[in-house]
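Notes follow once the structure below has been shown.
The values are calculated or read from the model by the stated rules, or taken from the named source; none is laboratory data. Note that the coordinates shown come from a computational prediction; the quantities given were computed from them, not determined experimentally. All Cβ positions, glycine included, derive from the backbone under ideal geometry; neighbour counts span all protein chains shown. These area figures cover heavy atoms from the full protein model, side chains too; ligands, DNA and RNA do not enter into them. Shrake-Rupley method; radii C 1.70, N 1.55, O 1.52, S 1.80 Å.
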Amino acid sequence: MQYTRLGQSGLKVSRLCLGTMNMGSKSWKPWIFDETESEPIIGHALDNGVNFIDLADFYSAGAGEEVVCNVLRKLAKRDELVITTKLGYQIGAGANNGGHSRKHVFDALHGSLTRMKTDYVDIYMLHYFDTETPIEETMEAMNDIVRAGKARYIGVSTMFTWQFAKILAVCEKHGWAKPINMQLQLNAAYREEEREMLPFCVDQGVGVSVFSPLARGILSSDMNSVRNKTDFFTAEMYNDAASRDVAMSVARVAEARGLSPAQIAQAWVLRKPEVSSMLVGADTRAQFDSALAALTTELDADEVYEIERNYTPCDVINDYTAGKRIPRAPRPAAGRFALEAVA
């Protein structure tokens, strides 16, 4: 395993982070692993040097935190782990059971720590940017959590760069704890974060952890998994010709190297110097081993060109564009131009 400091903090994390969205309760999603099914995968990751564990209260409506931490208590020492969990998405029916208000920040952390059976979380993260709550309210609450010792650090996930800039500015203004980690989606089929967010994080000394390195499975040439057949996000994010063309290029490079497409796609992510850590949501030991091998898989210039040559710009993927994204294809004429096209 390789380890790196997260941004300019002193925190050292494994370059592979165990993603746990697939662990918790099958009543939430049909592809979720229960505790018995999750334990071998967690154990295998720990045996191979992973110390970075990614959770969220939203996963299995809280059951994910409970299941994963039940296993971690059996297999690992708490002070050797870097555990992160996230808040923000609605859990429960209450009007204040979501978002980043001061009330929910404190209530959500209390719920997470109770389920995890731990006194603190290493990184407490905002799952998105809450446009309905003043950022001063949110970041003061996050700072108070750090000062109280209930979180060692704070982090953020999935937002526009200008929104992240607002967060850092308000923390700087008030002397509050700043986020040390930005968690974002990045893969060979989705590279929009390369334009602003990645350079901004480097400039600000913020670590970057990447999720969905396989573009929800399409870059592993597996579109027939239970998850991809039941998860509408896959179709919304990657149901376009450009994504399929990128996947074919990844498969072409993999075939030439005698490696799996997943390993090639993961190696493409890990070669980027801006990436501190890559999340691995493995369903099997073999899937984790693919990511482990990717750490030392070098891609030459011809292979990188082949993987990247079909990429074209697309709409940003985040909560604010959900349901509104337009696939990467020529957009039909509209208004008076549509009438001219028909004529």
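Points worth noting:
- Which listed pairs, of 12/178; 12/103; 77/117; 29/74; 166/272, have C-alpha distances above 20 Å, in listed order: 12/103; 29/74; 166/272
- Atom-type composition of the exposed protein surface of the chain places 52 percent of the accessible area on carbon and sulfur (1.4 angstrom probe).
- Dipole magnitude for segment 87-176: about 220 debye, using +1 per Lys or Arg Cβ and -1 per Asp or Glu Cβ, origin at the Cα centre.
- Listed values [x] 21.5; [y] 20.8; [z] 25.9, entry calculated as Kirkwood radius over Cα pairs in Å: [y]
- Mean Cβ neighbour count within 10 Å, used as a protection proxy, ranking 11-23, 283-295 highest first: 11-23, 283-295
- Unit charges on C-beta of K, R, D, E only; dipole of the chain, Debye: 300
- Directionally averaged projected area (convex hull, Cα atoms, segment 82-178), nm²: 5.8
- Cα-based shape type of segment 1-78, given that a ≥ b ≥ c are square roots of the gyration tensor eigenvalues and the cut on a/c is 1.5: prolate
- Think of it as helices only: each DSSP H run of n ≥ 4 in the chain is worth -39500 (n - 2.57), and spread over all residues that comes to -12500 deg cm²/dmol at 222 nm.
- The share of Cα pairs per 5 Å bin across segment 133-223, counted from zero up to the longest distance, runs 3, 13, 22, 20, 16, 11, 8, 5, 2, 0 percent.
- Using the Cβ of residue 270 as centre and a radius below 12 Å, the other residues enclosed give a net charge of +1, where K and R count +1 and D and E count -1.
- Each of 204, 329, 238 was scored by the projection of its Cα onto the charge dipole of the chain, and the greatest displacement toward the positive side belongs to 204; charges sit on the C-beta of Lys, Arg, Asp and Glu.
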